[in-house]
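S.K.: Below is one structure. I have some questions about it.
The values are calculated or read from the model by the stated rules, or taken from the named source; none is laboratory data. Bear in mind that the values here come from a model prediction, so they are computed numbers and not experimental data. Note: ideal-geometry Cβ built from the backbone for every residue, glycine included; neighbour counts use all protein chains shown.
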Amino acid sequence: MSTPRERPRKEPEETALPADGERAELRKSWGTPAGLLGWLMSTDHKVIGKRYVVTALTFFALGGLEAAAMRLQLARPENRFLNPDLYNQIFSMHGTTMMFLFAVPVMEGLGVYFVPLLVGTRNVAFPKLNAFGYWIYLLGGLFLYTGFAFNRGADAGWFAYVPLSGPEYSPSHRVDIWANMITFTEVSALAVAIELIVTTFKQKAPGMSINRMPMFVWAMLVNSFMVLFAMPAVMMASGYLALDRLIGTHFFNPAEGGDPLLYQHLFWFFGHPEVYIIFIPALGMVSMIISAATGRPIFGKPALVLSLVSTAFLGFGLWVHHMFATGLPQLGEAFFTVASMMIAIPTGTQIFCWIRSVWGSRPRFHTPFLFVIGFFLIFLVGGFTGVMLAAIPFNLQVHDTFFVVAHFHYVLIGGAVFPLFGALTYWFPKLTGRMMSEKLGRWTVALMFIGFNVTFFPMHWLGFKGMPRRVYTYLPEAGWSTANLIASLGAAVLAVGVLLFVINALRSMRAGEPAGDNPWAASTLEWATSSPPPPWNFDRILVVPGQNPLWHEKELSHVTGLRSDRREVLVTRPLDAEPDHRAVLPGPSIWPLFVALSITVGLVGTLWTPWAVVLSGLLFLVTMTAWYWPKGEPTGKHPVTEP
Amino acid sequence: MKVPARAPFARASARGATALALIAAAGCRGIQSALDPAGREASRIAGLWWFLFWTCTAVFVVVTAALLVALFRRRTAQSADPKRGRALIVGAVGATAAILLLFLIVSVSAGRAVAEPAGPNVLRVQVTGHQWWWEIHYPGTPDNRDVVTANEIHVPVGRPVLLELTSADVIHSFWAPNFHGKKDLIPGLKNTHLFRAERPGVFRGQCAEFCGLEHAKMAFTIVADPPEKFDRWYESQLLPAAEPATPSETHGRDVFLSSPCMFCHSIKGTPAFGMEAPDLTHVASRHTLAAGTVPNNRGNLAGWIADPQSMKPGNHMPPMAMPGDDLLALTDYLESLK
Amino acid sequence: MFLAAALAAASLLTACRKNPRRLTEAAPSSGRPDAVQQGSLQPGPKLAAMNVTNPYEGNPFQISEGQRLFNWYNCSGCHFRGGGGIGPPLMDDFWIYGGEPQNIYATIVEGRPNGMPSFRRKIPSSQIWQIVAYVQSMKADKPIASPPGPREDHMQSSEGKESK
């Protein structure tokens, strides 16, 4: 752990550029073919990462429209803007979209884009798997929304409790589509998790031993491991639900010996870690932004890393606090109270470390840092209500009310969306080569912060006043009208804030100020290459001399001996990042798309016939064969050549 | 974070109180409020909340102040010392852990108090959730003094009430915020929920677990009465339905018994024995119709019978097409079932 | 990506316009169900086959409503879940009084000898058509959900756990 020090006065010196001939060769071997086909074939992690981010933000906008529709409906009592049937679809689609199609994928998208850059390599470990993960995610999202367009939107809530979501009480294909969509996104998340874990462990630049990994890489590593353990649980929940619905099994039917509570356990064993799957990458972003804003290393990095890891472990031990009202034995519930409260310790540790990092540093108050300050204030409130919810008697009062709605929006918008928007602003120059407008950025933060609090703070009060969540209307006599109207007005302000961000991004993409390689004078490797980076990321694979390579006094040395005429990356050892061997990564391929389509045939077709599984299996076999068909170029291990 | 401004909202809610004037007249400002407790359990929980709230507010102020100082203060030689920083953080984490331990103790002790065993004179009430109404059954064993009603629970003040909760279809959740937190009604399981009313009044509760189309309109009334008044109510509910007193009421009963009504509803003392919908033996004595959707009065009752789907779209009562005089007679009859 | 965005946005719009499940459906006209033919044998000149289609046929929402009513009105008391017992089975292809929708409707409204009561004026006609839709779906070899309820005795020794 290095001590805090002054912001470096000099930019790191340019590394010697390779000869133009070598660059041309790199371009030839790493470039993506032109044309539509080339677009579909791309395995460049930056292309795919950007696709993830843009697609996820599109779904964020759709989820936002749904939220706006709900706020319109609830703005006054006995409103007839939406009927209950449509309202139920809209709130279910809102939750499903935000959790499965926005929050997780957008974090993964940034991980896919930035983890290879941050560890100083040229692509993720399994580029074709990466492409496949994106396609299956996109197809799942389109599947869900196509269903919605045909009045088949999910309508049993984003956690779709049985028996309500079971065959008897949710006829038609609405919940079928929901359950199968979950499978799409699980597969996508697992694909990303696997490739990020391997990239982090095996492709770090030489010298980037595990203690020198940047905080965002740590966060994505922890996130990926959580995905590996959490997703299979929801796969069982949604898979059993689909079986109950489509072929008449009785996993969750109490009349036949099934158990509706089993579904809740399976779902929340995933569902609670899901919150941390969203939240942990955001914590990594906060650390990165603070470090750049203060111009010095983050304080207490080992503590921060250990906090992330312990949050991940504890995150698997609290799912029952979503089920306190189901009548579980008290002693068992008390265990989950303890676990739910304990998770405040690592979170608190991080907040203290960040405050200490900022302490007396005279930080630059640029937009990403303003988002982080907004994060602090909002997330603190959400954290406090979270600790309160761990207290069982109190939980029983406010569970499933607007208090909980307020709580998880404070945690998820404050804890994840604010850092995300900060990180998007922070990394925008790297993504596009241009800066976002500071002036518009400040307005965005202010509007979002005010709009958010005006929308969600009154909801705490509504919860106490007896307003359950997921009600499509309420009586004028209930006394909830004023608070709901305030919340709806706040939502309008929040929407304007988000819209301003979109306008800012679109405008800056064309007309923003050119950024240069390292506009924030930050210390991590993604800033060591051009903005946006070339398809091969780095002309030279750099050697990492310490915690903050770009603030290092001396010029960074680099690795020689990697071939440029094919997609070669340097594989290093997991802990000390000593060079181990060279590996050749596969190039562009259309087959990930076709494999994703073959799975889609199965998941969509099962709505009508179980035979779709067979058809899908055959198609899968064919496309996977093509995926692995040898191309004549050697891939795999090559020893490091001695210099 | 600031104290939720209670007064303005309370004024607004008072302005809006017209249709449920009956309930409002019972004299309580917050008839559906966790912060205006009327029962032992809710009082204990409200106390827990205020403790959590003030502690967290204090911590919020301290942390925010620290953040502001961190943001705007110049570096001093003292603050640059990493050892001091580390000590501060260890201290702050220690304080966090101490506060959490305190919360745990307070929470567990509140939990124990709320879960205190019922004692022998407990009043048992079976509550069955249906899409979207509440079936209420007071088992009157051993002498067959069962009372069956719907969407309205009467309880004696001061006597513990043990709810036995289950569901006939999907998962619902019973929540009367003035008395206690919620407990789920799960098909195939029997949950119990204990509370004790401490002051008389008319209160409102609502289903808290999403249960389908009309989740929003699945409410119930809790009437807490002094014991002697409760006993009078119980005796009155034991009686079979009132005999029709006027020709119109007699005609109304004939309409009821010759129409689809009797297939789902029952009226004690008549051949109507349907078990799928609320018992109507004493329907006119209840405060609301359609599980808290509208106040129980003649106009709403007739409107409900004629077109239940416009008041509560998706509920399981079909619209009844019948001649106007039949409808009026039927309304007369049901209005007489005090 | 933009294609995806456009598609998704369009889908949102159409979803808003699209008519959701009609919750207040008027009863479809039943023809004169009491005059329908019950089989191919009939006295006198051959009448043209009466074509009454059930507007709820194949509609999952209405079928599930029909299933609920089938239990509520205790059809299941005699026909069980379509397999028959006291009353004839409804899943097979053998229909004593005709298996067309209008025949099933008429059977429910009229009642039949040897036990089938008449439900005339007892069940609103829209609900009868829902039940007909459910009965029609039994033939279609579709999985039928069994309703949640207390655990069956043969599944669990205790009648359900009690907890606090």
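S.K.: Somewhere in the range A:249-257, is a residue within 14 Å of chain B (Cβ to nearest Cβ), of a type in the set (Asp, Glu) and not in a loop (DSSP other than H, G, I, E, B)?
M.R.: Yes, because at least one residue in the range A:249-257 is within 14 Å of chain B (Cβ to nearest Cβ), of a type in the set (Asp, Glu) and not in a loop (DSSP other than H, G, I, E, B).
S.K.: Taking the options A:LEU593, A:LEU542, name whichever one is at pLDDT 90 or above, over 25 Å from the mean Cα position of the chain (by Cα) and either acidic (Asp, Glu) or buried (at least 17 other Cβ atoms within 10 Å of the Cβ) (or both).
M.R.: Selected residue: A:LEU542, the only one of A:LEU593, A:LEU542 that is at pLDDT 90 or above, over 25 Å from the mean Cα position of the chain (by Cα) and either acidic (Asp, Glu) or buried (at least 17 other Cβ atoms within 10 Å of the Cβ) (or both).
S.K.: Inspect all residues belonging to the range A:225-235 and state whether any of them is out of contact with any strand residue (DSSP E or B) (no Cβ under 9 Å at 6 or more places or on another chain), modelled with pLDDT under 95, assigned to a loop (DSSP other than H, G, I, E, B) and surrounded by fewer than 24 Cβ atoms within 10 Å (Cβ to Cβ).
M.R.: No, that holds for no residue.
S.K.: Residues in the range A:310-323: is at least one within 12 Å of chain B (Cβ to nearest Cβ) and in contact with an Asp or Glu (Cβ under 6 Å, 6 or more places away or on another chain)?
M.R.: no
S.K.: Being touching a Phe, Trp or Tyr at 6+ places or on another chain (Cβ under 6 Å), buried (at least 22 other Cβ atoms within 10 Å of the Cβ) and either within 14 Å of chain A (Cβ to nearest Cβ) or modelled with pLDDT of 95 or more (or both) narrows it down to one residue among B:ASN191, B:ASN178; which is it?
M.R.: Checking each option against the conditions leaves just B:ASN178.
S.K.: If you don't mind, there's one more thing I want to ask. Checking A:LYS204 against (1) assigned to a helix (DSSP H, G or I); (2) closer than 30 Å to A:THR560 by Cβ; (3) of a type in the set (D, E, K, R): exactly one of these is not met. Which one?
M.R.: In the conditions (1) assigned to a helix (DSSP H, G or I); (2) closer than 30 Å to A:THR560 by Cβ; (3) of a type in the set (D, E, K, R), A:LYS204 misses (1) alone.
S.K.: Inside the range A:139-174, can you point out the residues that are aliphatic (A, V, I, L, M) and on the phi < 0 side of the Ramachandran plot?
M.R.: Scanning the range A:139-174 gives A:LEU139, A:LEU142, A:LEU144, A:ALA149, A:ALA154, A:ALA156, A:VAL162, A:LEU164.
S.K.: Now a separate question. Somewhere in the range C:121-130, is a residue under 16 Å from the mean Cα position of the chain (by Cα), farther than 17 Å from C:GLY77 by Cβ and more than 14 Å from chain B (Cβ to nearest Cβ)?
M.R.: For the range C:121-130, residues under 16 Å from the mean Cα position of the chain (by Cα), farther than 17 Å from C:GLY77 by Cβ and more than 14 Å from chain B (Cβ to nearest Cβ): absent.
S.K.: Working only within the range A:326-347, note down all residues that are touching a residue at least 24 places away in the same chain (Cβ under 8 Å), small (Gly, Ala, Ser) and surrounded by 23 or more Cβ atoms within 10 Å (Cβ to Cβ).
M.R.: A:SER340
S.K.: Tell me which residues, restricted to the range A:338-347, are facing chain B (nearest Cβ under 7 Å) and within 22 Å of the chain's Cα centre (by Cα).
M.R.: A:ALA344
S.K.: Of the numbered conditions (1) surrounded by fewer than 21 Cβ atoms within 10 Å (Cβ to Cβ); (2) at pLDDT below 95, A:ALA391 fails exactly one; give the number of that condition.
M.R.: Checking A:ALA391 against (1) surrounded by fewer than 21 Cβ atoms within 10 Å (Cβ to Cβ); (2) at pLDDT below 95, the one that fails is (1).
A quick yes/no check of all residues on (1) charged (D, E, K, R); (2) crowded, with 24+ Cβ neighbours inside 10 Å; (3) at pLDDT 95 or above:
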| site | (1), (2), (3) |
| --- | --- |
| A:THR444 | no, yes, yes |
| A:MET448 | no, yes, yes |
| A:ASN453 | no, no, yes |
| A:PHE456 | no, yes, yes |
| A:PRO476 | no, no, no |
| A:GLY479 | no, yes, no |
| A:ARG510 | yes, no, no |
| A:SER523 | no, yes, no |
| A:SER530 | no, no, no |
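S.K.: So which residues in the range A:61-82 are of a type outside the set (Gly, Ala, Ser) and free of Cβ contacts under 8 Å to residues at least 60 places away in the same chain?
M.R.: Once the filter is applied, which keeps residues that are of a type outside the set (Gly, Ala, Ser) and free of Cβ contacts under 8 Å to residues at least 60 places away in the same chain, the range A:61-82 yields A:LEU65, A:GLU66, A:MET70, A:ARG80, A:PHE81.
To keep it simple, each residue is scored yes or no on (1) within 11 Å of chain B (Cβ to nearest Cβ); (2) touching a residue at least 40 places away in the same chain (Cβ under 8 Å).
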{"residue": "A:TRP354", "(1), (2)": "yes, yes"}
{"residue": "A:SER357", "(1), (2)": "yes, yes"}
{"residue": "A:SER361", "(1), (2)": "yes, yes"}
{"residue": "A:PHE384", "(1), (2)": "yes, no"}
{"residue": "A:MET388", "(1), (2)": "yes, no"}
{"residue": "A:ALA391", "(1), (2)": "yes, yes"}
{"residue": "A:VAL398", "(1), (2)": "yes, yes"}
{"residue": "A:PHE418", "(1), (2)": "no, yes"}
{"residue": "A:PHE421", "(1), (2)": "no, yes"}
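S.K.: Something else now. Give all pairs with beta carbons closer than 9 Å in which a residue from the range A:459-474 that is within 19 Å of B:LYS312 (Cβ to Cβ) meets a residue that is assigned to a loop (DSSP other than H, G, I, E, B) and of a type in the set (Asp, Glu); count only pairs at least 6 apart in sequence or on separate chains.
M.R.: Between residues of the range A:459-474 that are within 19 Å of B:LYS312 (Cβ to Cβ) and residues that are assigned to a loop (DSSP other than H, G, I, E, B) and of a type in the set (Asp, Glu), the close pairs are A:PRO468/A:ASP400; A:PRO468/B:GLU209; A:ARG470/A:ASP400; A:ARG470/B:GLU209; A:TYR472/B:GLU214; A:THR473/A:GLU78; A:TYR474/A:GLU78.
S.K.: Out of the helices (runs of 4 or more DSSP H) lying entirely within the range A:76-190, which hold 2 or more residues that are more than 30 Å from A:LEU585 (Cβ to Cβ) and within 13 Å of chain C (Cβ to nearest Cβ)?
M.R.: Answer list for the range A:76-190: A:84-96, A:127-149.
S.K.: Turning to a different aspect of this structure: Report yes if some residue within the range A:104-111 is buried (at least 23 other Cβ atoms within 10 Å of the Cβ) and more than 22 Å from A:ALA230 (Cβ to Cβ); otherwise report no.
M.R.: No, because not a single residue in the range A:104-111 is buried (at least 23 other Cβ atoms within 10 Å of the Cβ) and more than 22 Å from A:ALA230 (Cβ to Cβ).
S.K.: At least 1 residues that are more than 14 Å from the chain's Cα centre (by Cα) in each: list the strands (runs of 3 or more DSSP E) lying fully within the range B:122-181 that qualify.
M.R.: Counting at least 1 such residues, we get B:123-130, B:133-138, B:147-150, B:152-156, B:160-167.
S.K.: Report, by residue number, each residue of the range B:195-233 that is closer than 27 Å to A:VAL162 by Cα, part of a helix (DSSP H, G or I) and more than 7 Å from every other protein chain (Cβ to nearest Cβ).
M.R.: B:LYS217
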